[in-house]
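**Student:** Here it is, the structure in full.
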Amino acid sequence: MIAVAIVASILLACLRLVALLWGIRRIRLKGKFSPENFKAKDNVKVLSVVGSGGHTKEMLVFMRNIGAIFTPRYYIVAETDELSVDKIVNTQLHLQDTDYSIIKIPRSRQVHQSYASSIYTTLKAAIYTLPIVFKIKPNVLLCNGPGTCIPICLAAFICKLLFIHDIKLVYVESICRVTSLSLSGKLLYPLADSFIVQWPDLADKYKMAAYIGRLL
């Protein structure tokens, strides 16, 4: 566990340094995430990372309420997560929106997999997702904390870093996180253009976060 903490701390420090050097914080979306931030666009292409269980439920609630301007929609799920696929299809049927795609990728970390070995699988997943993100070139990337989101966010950040495409990263912290951020949240906080939390204590603690109330 000590080794895991050291590796996570080093990775977090590196991401924060890169974010600082490239001035990512200066181009964050202002205030809440809403269609008002995209008035100049007819449609906003959105890529949503869907985890499993509670992550899936929260993300799909978010997707149902962001408005019709966010289309087409691309959903990324882990290749073994058929339950989330069914829920995505049902959500799109509810919205009467057929302009969407579901993309399956390798899991960055399996259940009970060691954190040490997950570094390799996360890098492998990042390499796998890089051409996907480059091809879609979404305007917005939405994620809410599952391990699956880390390689996609890395790919999106590389896109921005190389001036290939400006992808706005919107991170929604899980409702389970009341007083502290998840590991994914800590890693992505320096990089997110809009960082949304569901509890006021987190907004007080993390000044770049926007409190929007609870999704569920």
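**Student:** If I filter the stretch 163-172 for residues that are hydrophobic (A, V, I, L, M, F, W, C), surrounded by 21 or more Cβ atoms within 10 Å (Cβ to Cβ) and out of contact with any Cys (no Cβ under 7 Å at 6 or more places or on another chain), do I get at least one hit?
**Tutor:** Looking through the stretch 163-172, at least one residue is hydrophobic (A, V, I, L, M, F, W, C), surrounded by 21 or more Cβ atoms within 10 Å (Cβ to Cβ) and out of contact with any Cys (no Cβ under 7 Å at 6 or more places or on another chain).
**Student:** Related question: Given the conditions (1) at pLDDT 90 or above; (2) farther than 19 Å from P151 by Cα; (3) open to solvent by less than 50 Å² (accessible area, probe 1.4 Å), which single one is not true for D99?
**Tutor:** Among (1) at pLDDT 90 or above; (2) farther than 19 Å from P151 by Cα; (3) open to solvent by less than 50 Å² (accessible area, probe 1.4 Å), the lone unmet condition for D99 is (3).
**Student:** Kindly indicate which of I119, I136 is β-branched (V, I, T) and open to solvent by 20 Å² or more (accessible area, probe 1.4 Å).
**Tutor:** Matching residue, one of I119, I136: I119.
**Student:** Next up: Does A209 satisfy the condition of being open to solvent by 10 Å² or more (accessible area, probe 1.4 Å), small (G, A, S), free of Cβ contacts under 8 Å to residues at least 12 places away in the same chain and more than 20 Å from P106 (Cβ to Cβ)?
**Tutor:** The answer is no for A209.
**Student:** If you don't mind, another one. Closer than 27 Å to K124 by Cβ, of a type outside the set (S, T, N, Q), assigned to a helix (DSSP H, G or I) and open to solvent by 10 Å² or more (accessible area, probe 1.4 Å): is that true of L83 in this structure?
**Tutor:** The answer is yes for L83.
**Student:** Return the residues of the stretch 177-216 that are under 10 Å from G145 (Cβ atoms) and modelled with pLDDT of 90 or more; say none if nothing qualifies.
**Tutor:** Those that are under 10 Å from G145 (Cβ atoms) and modelled with pLDDT of 90 or more: R177, L181, S182, G185, L188.
**Student:** Of the residues V49, V61, which is closer than 24 Å to R214 by Cα, in contact with a Cys (Cβ under 7 Å, 6 or more places away or on another chain) and open to solvent by less than 50 Å² (accessible area, probe 1.4 Å)?
**Tutor:** Checking each option against the conditions leaves just V49.
**Student:** Inspect the stretch 64-72 for any residue being part of a helix (DSSP H, G or I) and either at pLDDT 50 or above or not acidic (D, E) (or both) and give the result as yes or no.
**Tutor:** Checked the stretch 64-72: at least one residue is part of a helix (DSSP H, G or I) and either at pLDDT 50 or above or not acidic (D, E) (or both).
The values are calculated or read from the model by the stated rules, or taken from the named source; none is laboratory data. Keep in mind that what you see is a predicted model, and the values were worked out from it rather than measured. For neighbour counting, all protein chains shown are included, and Cβ atoms are generated from backbone atoms with ideal geometry for every residue, glycine included. Ligands, DNA and RNA are stripped out before the accessible areas are found, and what is left, the full protein with its side chains, is counted by its heavy atoms. Shrake-Rupley method; radii C 1.70, N 1.55, O 1.52, S 1.80 Å.
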